[in-house]
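The structure appears below as structure tokens.
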């Protein structure tokens with residue numbers, strides 16, 4: 001691995017680790033699905049960087065496409081999704097959520 | 001291939017863009033913010049795969065980028081349909 | 001995109017031929033060389049794909065396929081690329097200025113395009129041009145989120161400001 | 001030739017970075033979608049042009065990828081924005097009065 005590839009791998013590692021932890025700790029299921037898709041996105045890039053195009057292609061197809069598709073549609077079917085998880089709104093958005101109540 | 005200075009600058013800018021989008025994914029106050037950040041990251045990654053193909057000098061990786069671009073779009077539409085509810 | 005059809009035009013044979021040529025071109029671009037065997041496979045595959053997508057052919061029905069449609073298409077592409085670069089410079093200026101000059105609002109915009117394909121292309125170009133984002137399409141009315149909406153604008157003025165420059169070229173090659 | 005390709009690469013990466021900065025700085029979801037979509041689309045196209053100048057033999061596949069990004073990226077953003085509006089997320093406005101009454105129909 002050359003030096004440039006090491007730097008790219010470092011950024012990908014940061015990306016995958018932080019979004020994996022985020023997918024664990026976040027309360028909202030929809031946000032967890034988005035974070036999980038980012039993990040498999042970084043994994044596909046990492047496989048490509050390690051000179052395995054076939055594995056990268058499979059990871060891109062299954063991890064990024066199908067798993068987020070299936071998870072999102074399952075959340076829709078089960079009715080577990082919600083837009084915002086209450087209190088973590090910043091003050092910019094609290095005005096808009098107040099507007100939602102009277103609508 | 002050996003990189004010129006401008007190419008290293010471009011890679012650095014792209015890395016900074018990835019890290020900033022990641023910051024929005026982590027901080028994003030609501031779930032839609034995180035979904036938008038993931039969508040943006042997916043498009044950046046599609047062009048990142050093309051850049052990796054150029055770094056490694058092999059056109060095999062372009063197919064990965066193509067498949068990734070298509071399926072990321074499908075995933076985003078699925079998440080949008082979920083947000084939309086039973087409409 | 002929701003398009004509750006109002007007298008949608010019917011696709012003809014020429015649209016099927018167009019789709020066939022489109023799929024064949026895509027195949028050749030993906031293969032990347034001009035082998036005889038690959039070309040023969042492409043002929044068969046494009047035929048199968050065209051026949052399989054026959055129920056969805058009506059999306060292409062708005063397309064005007066004639067030599068006179070070529071000039072508006074090129075003009076539209078030129079307008080589009082200029083608007084795309086303008087949009088990015090505008091967005092970069094907005095993002096980098098310390099005091100975020102924003103005045104967002106959702107406005108309504110009217111279109112005269114009848115076919116769903118035309119409205120799809122129009123909505124896509126609106127999304128990529130300075131400060132606007134298509135939010136919804138309801139028959140002849142597009143809901144547009146505008147970053148810098150001038151106060152007190154009504155439907156006529158917003159239509160003039162946002163869609164007219166694209167629509168005048170789009171009318172040449174799509175219904 | 002290499003210099004022109006490198007300039008395209010730098011410009012594309014810079015536009016992508018502007019999009020990411022916009023994603024951080026904008027006040028609400030709709031504005032973030034706008035900044036992200038526009039800047040990242042043009043940035044990716046510039047990067048693809050730069051790569052196509054570096055490796056001219058790859059033009060056909062790069063063209064397909066470029067057209068794919070150009071079509072799917074605004075469509076995906078519009079779809080998310082439409083879903084949000086239907087789900088009742090109101091746009092932020094400076095006067096903090098939500099003037100558009102056509103949101104829920």
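Read the figures in this text as sums done on the coordinates, not as results from a lab. What you see is a predicted model, and the numbers here were worked out from it, not measured in a lab. Note that each Cβ is placed from the backbone with ideal geometry, even for glycine, and that neighbours are counted across all protein chains shown.
Tell me which helices (runs of 4 or more DSSP H) are completely within the stretch A:1-80 and hold 3 or more residues being touching a residue at least 24 places away in the same chain (Cβ under 8 Å), or say none if there are none.
On the way: elements: A:3-25, A:29-49, A:53-59, A:67-78.
Ranges flagged: A:3-25, A:29-49, A:67-78.
How many of the residues making up the stretch B:15-64 are part of a helix (DSSP H, G or I) and within 27 Å of residue A:30 (Cα to Cα)?
Here is the first cut: in the stretch B:15-64, the residues part of a helix (DSSP H, G or I) are B:15-27, B:31-56, B:60-64.
With the extra rule that they be within 27 Å of residue A:30 (Cα to Cα), the set shrinks to B:15-27, B:31-49, B:64.
Looking only at that region, the number is 33.
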The condition from (1) under 21 Å from residue D:71 (Cα atoms); (2) free of Cβ contacts under 8 Å to residues at least 24 places away in the same chain that residue C:125 misses is numbered (2)
Residue D:29 passes all but one of the listed conditions (1) free of Cβ contacts under 8 Å to residues at least 60 places away in the same chain; (2) at the interface with chain B (Cβ under 10 Å from one of its Cβ atoms); the exception is number (1)
Q) Somewhere in the stretch D:10-18, is a residue more than 7 Å from chain B (Cβ to nearest Cβ) and under 11 Å from the mean Cα position of the chain (by Cα)? A) yes
Given (1) within 7 Å of another protein chain (Cβ to nearest Cβ); (2) within 18 Å of residue D:47 (Cα to Cα); (3) in contact (Cβ under 8 Å) with a residue 24 or more places away in the chain, residue B:61 misses just (3)
Selection over the stretch D:82-94 where residues are closer than 19 Å to residue C:149 by Cβ and more than 9 Å from chain B (Cβ to nearest Cβ) yields a count of 6
